[in-house]
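Accompanying notes for the structure given below.
The values are calculated or read from the model by the stated rules, or taken from the named source; none is laboratory data. Quantities reported herein were computed from a predicted structural model and do not represent experimental measurements. Backbone-built Cβ (ideal geometry, glycine too); neighbour counts: all protein chains shown. For accessibility, only protein heavy atoms count, side chains too; no ligands or nucleic acids. Shrake-Rupley method; radii C 1.70, N 1.55, O 1.52, S 1.80 Å.
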Amino acid sequence: VVCENLLKTVAMAGDQLSSLGKSKDGIETIRKLCLHESWNVAKYAVRALVALGCDDKAALSKIAQKAAENVTFGSKLPSALRVITEVAKACPEAVEKEREAVTNFVRKKLLAGAWPVSAGKKDRNTVIDSKAQGLKMLTILSLHDDETSVLELCEEIITKGGEIQSGDSTPKQEKAILRKTAGCCIIRMAKAEGEIPIPPCTFAALAMLFEDEDKNVKEAML
């Protein structure tokens, strides 16, 4: 928690921390935290680097490449996906080399497959965090090429009640998280400056979440 908040502070005040930006040891320490198992720590580590001026394509490409090496089923998957998302926000060109591989993994394996429901609590948390971060990653990448298939995926998740596939064994609480994530992704795309058209059927699906049975989903939409 302390690490996360320190990185968050650096991310917000990086332009005032010129001495840290010039510190090779400091930058290297933050860069290593991009591989932290906590995706929140990894997220703010990338943001801190960008705030400190490490935002050129070459530097961010190395971070994205390291993250892509961890895009496989395991405890670091949520962090790896989040790091790629943050790099894509700062410099879309920095993830082009890894883009096809990571998007195929998320679509064809992570979201289409399933880790065992019988797994321990920690593993189940990793599963749902991975799916949520994977969906967010697809959303951010889609903003740069007017890709509409992510909209269709989000709409499908909502209309199926949080299921990726009909009749899957995702626990009820996790389905709520996926519905919330899908709704937030649709709103993100609707607010984007690009020309991604949001069809009426997608907004109709989004409207369902304002009457969702889960309180957290409704509050997130509001």
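Rounded, prolate or oblate: which fits the stretch 1-111, taking a ≥ b ≥ c as square roots of the Cα gyration tensor eigenvalues, rounded meaning a/c under 1.5, else prolate when a/b beats b/c?
prolate
Share of Cα-Cα pairs in the stretch 56-100 beyond 12 Å, in percent?
Working: 504 of 990 pairs.
Tail fraction, whole percent: 51.
List the DSSP H helices in the chain whose Cα atoms stretch 24 Å or more along the helix axis and whose mean Kyte-Doolittle hydropathy is at least -1.0.
Numbers: long enough: 121-142 (32 Å, -0.42); 172-191 (29 Å, -0.15).
The answer, listed by residue number, is 121-142, 172-191.
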* Asked: Once the other residues with Cβ under 12 Å from the Cβ of T202 are scored (Lys, Arg +1; Asp, Glu -1), what is the net sum?
  -> -3
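In square angstrom, what is the accessible area per residue of the stretch 1-115 with a 1.4 angstrom probe?
On the way: 5970 Å² over 115 residues.
Accessible surface, normalised per residue, equals 52 Å².
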* Structure fact -> The farthest towards the positive end of the charge dipole of the chain, of the residues S149, N125, G183, given +1 on Cβ of Lys and Arg and -1 on Cβ of Asp and Glu, is N125
* **the chain, relative contact order [Cα under 8 Å, separation at least 6], %** => 14 percent
* Asked: How much of the accessible area of the chain, in percent, comes from carbon and sulfur atoms when a 1.4 Å probe is used?
  -> 52 percent
* Can you tell me how much longer the chain between E211 and E28 gets when fully stretched, taken as 0.36 nm per residue apart minus their C-alpha distance, in nm with one decimal? => 61.2 nm
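Please report, in debye to the nearest 20, how large the charge dipole of the chain is about its Cα centre when each Lys and Arg carries +1 at its beta carbon and each Asp and Glu carries -1 there.
760 debye
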* Can you work out D for the chain in µm² s⁻¹ from Stokes-Einstein, where Rh is the Kirkwood radius over C-alpha pairs, the temperature is 25 °C and the viscosity is 0.890 mPa s? -> 136 µm²/s
